[in-house]
1. Once a ≥ b ≥ c are taken as the square roots of the eigenvalues of the Cα gyration tensor of segment 1-126, is the result rounded (a/c under 1.5), prolate (a/b larger than b/c) or oblate (a/b not larger than b/c)?
2. Rounded to the nearest 500 deg cm²/dmol, what is the calculated helix-only ellipticity per residue at 222 nm for the chain, with -39500 (n - 2.57) per DSSP H run of length n ≥ 4?
3. Which FRET efficiency, nearest 0.05, do residue 9 and residue 57 yield, Cβ-Cβ r, R0 45 Å?
4. Please give the peptides 56-66, 83-93 ranked by average Cβ packing (other Cβ atoms within 10 Å per residue), highest first, as a rough proxy for protection.
5. Which percent of Cα-Cα pairs in segment 73-157 sits in each 10 Å bin, short to long?
6. With a Förster radius of 22 Å, plug the Cβ-Cβ distance of residue 128 and residue 76 into 1/(1 + (r/R0)^6) and report the FRET value to the nearest 0.05.
7. Taking 0.36 nm per residue of sequence separation and subtracting the Cα-Cα distance, how much length would be gained by fully extending the chain between residue 198 and residue 118, in nm to one decimal?
8. Stretched out fully, how many nm does the piece from residue 16 to residue 109 gain, at 0.36 nm a residue minus the Cα gap?
Ligand SMILES: [Zn+2]
């Protein structure tokens, strides 16, 4: 299947955009790491200030190992920042930390799409774990039942990614608004922060596009197989 020219062709747009997005985030993060925020706030301080300004007092902020491992955990109500973003006071660190605080804000204010996203998470992680397995079994056993099951399971991941996109854009929008409102960054600094956050969002767009094309490929192949060209599948 990997050597199927159709597969290669359909994966190409996603791969190109993913490569472009990776290069963009690397350069934006590098630029953002060169400048210190004029307020002097570290990532952890910026996230705390944003949450405090919105009346959120009960979300602890913890440093976590690894690079760009930053995330907000809605089930435990904890904001985790990679060590660099936790302790540095660069515009990149402050921007990423503020984005994660944006997720805490969404949670506290019951942003509808985040609620939907959290509901889909268990289904999507089940789907992503078993989709490929079902597809492989379906191809080996020539079972259309398993192939369609694999496609349905895979589509839960795509639905998750589609719901996740506006959630990510909204978190960045809230982050930039709050950073300026609380005086943590100036309008000129917002330009740099915006570049970092937009580039990060692009990596999500690329991943979503890749999944959509992958799903489309599975769908086209399954339709080809069920209309009698079974040998074509492998
Ligand atoms: Zn995010």
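Where a number appears in this text, it was derived from the coordinates with a stated rule and is not lab data. Just so it is clear, the model here is predicted, and its values are computed rather than measured. Note: ideal-geometry Cβ built from the backbone for every residue, glycine included; neighbour counts use all protein chains shown.
1. Values: a/c = 2.67, a/b = 1.39, b/c = 1.92.
Oblate is the answer for segment 1-126, as a/c is 1.5 or above yet b/c matches or exceeds a/b.
2. -26000 deg cm²/dmol
3. Efficiency computed from Cβ-Cβ geometry: 0.30.
4. Working: 56-66: 13.0, 83-93: 21.7.
The peptides rank, most packed first, as 83-93, 56-66.
5. Final binned percentages: 17, 28, 24, 19, 11, 1.
6. The computed FRET efficiency comes out at 0.55.
7. 26.5 nm
8. Full-extension gain reported as 29.8 nm.
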